[in-house]
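Chemist: Below is one structure. I have some questions about it.
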Amino acid sequence: MKGAACSTPSVLLLLFLSLLFLARGIFCSKFTRHDFPSTFVFGAGTSAFQYEGATSEDGRTPSVLDVAFHGDNSTALSADGYHKYKEDIKVMSDTGLEAYRFSISWSRLLPYGRGTVNEKGVQYYNSVLEELAKRGIPAHVTLNHLDIPQVLQDEYGGWLSPKIVKDFKEFADVCFREFGSKVSHWTTITEPNIIGLTGDFVPHSWCSPKFETINCYADSSADWIYIKVHNMLIAHSEAVRLYRTKYQRYQGGWIGLNIYSFWCQPFSNSSADLEATLRVKSFMFDWVLSPVTIGDYPELMKSIASTRLPSFTNSQSEVLKGSFDFMAINYYASGYISDNSNSSKAGASGFQADMAAIMRVNKNDPPTMGPFLPTRVPEDFSGLEKMLHYLKEKYGNPPIYIHENGFAAGLENVLNDTARIAYLEGYIGSTLEASRSGVQVRGYFVWSFLDVYEFLGGYKKGFGLYHVDFDDEKRHRTPKLSAHWYSSFLKNNVSVVFSIESAGLEATSLYSQ
């Protein structure tokens, strides 16, 4: 295979040195950075709520995630990126990142959701972008990463109300105007389809019954799921239209939409499970991607949900159609799909009953309705390649970015995270196979650059390449073995897995060097 790491002299040298240090678990990668196109980008990401902290500093107001997870002050629960971004970006450069994906806090930029712009917020994000530019790291920026100002939630119910479309467009306009010359890729909204899958994961404060007749607090079967995503799609299309008509020509960036994804495989060969798998693809992926390509929801979804699924007007449909320069996915694991038609027969209604399926990460796992997060390194990494091919065949081979892919190795032996390395290497290899077979996959981002507060698991998951000591008020950063591995891969060095101690690598903060 072209660029096979095990055939190079440098590999032999590293193997010798690793053996000299009694390295454990050595193996060689089947590919190098050179095997990917030169235009392909490798990066890592964070999100504003999970990374920045400083929730009440410099004019920022509470967001719905602040209130839902921590009350109105989550400063003590962050990685403190608001104050440590310069140090972090230096480490990104030292690591060899070719791009950095992050989001902008709506609450920091427009504290009241609209109107007055917080100049301190503008200054912060301009400083981040300037620091990235100085280090030669392109910025991939998300406008909305599951977070909106609490003031808009209190005023009209947030995404439940069509009023948010105008406010989101105003927020996008401020971002494009203030930062667009420094941003190569914009993503409007991250994972709108996660609302359909998550159930109790969605903070109850996102749903305000006083603004609607529907019961927002029931569970993930309520029709509010359809309403929220409908408004998100319209807001997305209006932001894209604004960017294309007012900014794109002279700023030269790209704009797209992100979805949560997982490869769907039938739990059994029964016709019921095969049909359930088709329903999941329609309800989870085509639900969002069909409107932005053809201007309407998928036919299977419309036939099942009927009038409970909102309709687009003719003008909305026209604006939606083709409203992306790229598609982006977050991918963590494959899922086994079983039929659950009995739920609707038992009187259940809404999104989950319409989809009528239950899912498992592994065949022997109990069913879950939540996001698929890997609990072990999979034996087969081909699910990502299959998901990419699905998008290629279904949507005409659009440019695709993998915005999130990562593994939580837990808190034991946190720095010597060989399981994460095996996971990342497996899925990077799956991405390479998709690229070689004609999928226009343009980039891959590890989730996450450093440990952040995770929506599922708080501090116990630890997805980062760099460990953050949350018990230390200085939020000390320390490279994990995976950071060394990823850096070696990005710099076209050999990818050899070894332990930090046995290979002679010091598990100390890069900031102290």
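Chemist: Does the range 130-148 contain at least one residue that is buried (at least 22 other Cβ atoms within 10 Å of the Cβ) and in a helix (DSSP H, G or I)?
Modeler: Yes, the range 130-148 contains at least one residue that is buried (at least 22 other Cβ atoms within 10 Å of the Cβ) and in a helix (DSSP H, G or I).
Chemist: When only residues in the range 311-342 that are small (G, A, S) and not in a strand (DSSP E or B) count, which is surrounded by the fewest Cβ atoms within 10 Å (Cβ to Cβ)?
Modeler: S315
Chemist: Looking at the range 435-461, which of its residues are over 20 Å from A44 (Cβ atoms) and either surrounded by 24 or more Cβ atoms within 10 Å (Cβ to Cβ) or modelled with pLDDT of 95 or more (or both)?
Modeler: R436, S437, G438, V439, Q440
Chemist: Going by the structure shown, is I255 of a type in the set (A, V, I, L, M, F, W, C) and buried (at least 21 other Cβ atoms within 10 Å of the Cβ)?
Modeler: yes
Chemist: Check off (1) at pLDDT 95 or above; (2) surrounded by fewer than 22 Cβ atoms within 10 Å (Cβ to Cβ) for Y486 and give me the number that stays unchecked.
Modeler: (2)
Chemist: While we're on this one: Surrounded by fewer than 22 Cβ atoms within 10 Å (Cβ to Cβ) and closer than 20 Å to Q50 by Cα: does that describe N126?
Modeler: Here the answer is yes, as N126 does meet what is asked.
Chemist: Return a yes/no flag: does the range 490-500 have any residue that is modelled with pLDDT of 95 or more and either outside any loop (DSSP other than H, G, I, E, B) or out of contact with any Leu (no Cβ under 9 Å at 6 or more places or on another chain) (or both).
Modeler: yes
Chemist: Determine if the range 251-271 includes at least one residue that is closer than 30 Å to F445 by Cα and in a helix (DSSP H, G or I).
Modeler: yes
Chemist: Right, next: Does R475 meet the test of being more than 15 Å from D88 (Cα to Cα) and among the basic types (K, R)?
Modeler: So R475 fails the test.
Chemist: Next question, about the same structure. For the range 41-118, please list each of the helices (runs of 4 or more DSSP H) lying entirely inside it that holds at least 1 residues being modelled with pLDDT of 95 or more.
Modeler: Ranges flagged: 48-51, 81-95, 106-109.
Chemist: So, in the range 432-466, how many residues would count as being of a type in the set (V, I, T) and in contact with a Gly (Cβ under 9 Å, 6 or more places away or on another chain)?
Modeler: Here the count works out to 2.
Chemist: Within the range 343-377, which residues are at pLDDT 70 or above and not in a loop (DSSP other than H, G, I, E, B)?
Modeler: F351, Q352, A353, D354, M355, A357, I358, M359, R360, T368
Chemist: Among the residues of the range 133-156, are any of a type in the set (V, I, T), in contact (Cβ under 8 Å) with a residue 40 or more places away in the chain and in contact with a Cys (Cβ under 8 Å, 6 or more places away or on another chain)?
Modeler: yes
Chemist: Could I ask something else about it? Inside the range 444-481, can you point out the residues that are in contact with a strand residue (DSSP E or B) (Cβ under 9 Å, 6 or more places away or on another chain), closer than 14 Å to V414 by Cβ and among the charged types (D, E, K, R)?
Modeler: D451, K460, K461, D469, R477, K480
Chemist: Another one. Scanning the range 439-495 for residues that are more than 24 Å from Y401 (Cβ to Cβ) and β-branched (V, I, T), which turns out nearest to the chain's Cα centre (by Cα)?
Modeler: Ranking the candidates gives V468 first.
Chemist: Among the residues of the range 385-403, count how many are farther than 18 Å from I255 by Cα and either crowded, with 17+ Cβ neighbours inside 10 Å or in contact (Cβ under 8 Å) with a residue 40 or more places away in the chain (or both).
Modeler: The number of residues fulfilling the criteria is 8.
Chemist: Scan E425, E385 and give me the residue that is closer than 17 Å to F285 by Cα, in contact with a Ser or Thr (Cβ under 7 Å, 6 or more places away or on another chain) and modelled with pLDDT of 95 or more.
Modeler: Answer to the check: E385.
Chemist: When the residues of the range 310-336 are filtered to those that are of a type outside the set (S, T, Y) and modelled with pLDDT under 95, which remaining residue is farthest from N362 (Cα to Cα)?
Modeler: Out of the qualifying residues, it is A333.
Chemist: Here is a list of conditions, (1) of a type outside the set (V, I, T); (2) modelled with pLDDT under 60; (3) not in a loop (DSSP other than H, G, I, E, B), and A235 meets all of them except one; can you say which number that is?
Modeler: (2)
Chemist: Something else: Give me the pairs, please: first residue somewhere in the range 285-299 and within 10 Å of V319 (Cα to Cα), second residue anywhere and surrounded by fewer than 22 Cβ atoms within 10 Å (Cβ to Cβ) and acidic (D, E), beta-carbon distance under 8 Å, and either six or more positions apart or on two chains.
Modeler: Matching pairs, first to second residue: G295/E318.
Chemist: So for the range 18-34 (the condition being at pLDDT 90 or above and assigned to a helix (DSSP H, G or I)), does at least one residue qualify?
Modeler: Within the range 18-34, one or more residues are at pLDDT 90 or above and assigned to a helix (DSSP H, G or I).
The values are calculated or read from the model by the stated rules, or taken from the named source; none is laboratory data. What you see is a predicted model, and the numbers here were worked out from it, not measured in a lab. Don't worry about glycine lacking a Cβ; one is built from the backbone with ideal geometry, like all the others, and counts go over all protein chains shown.
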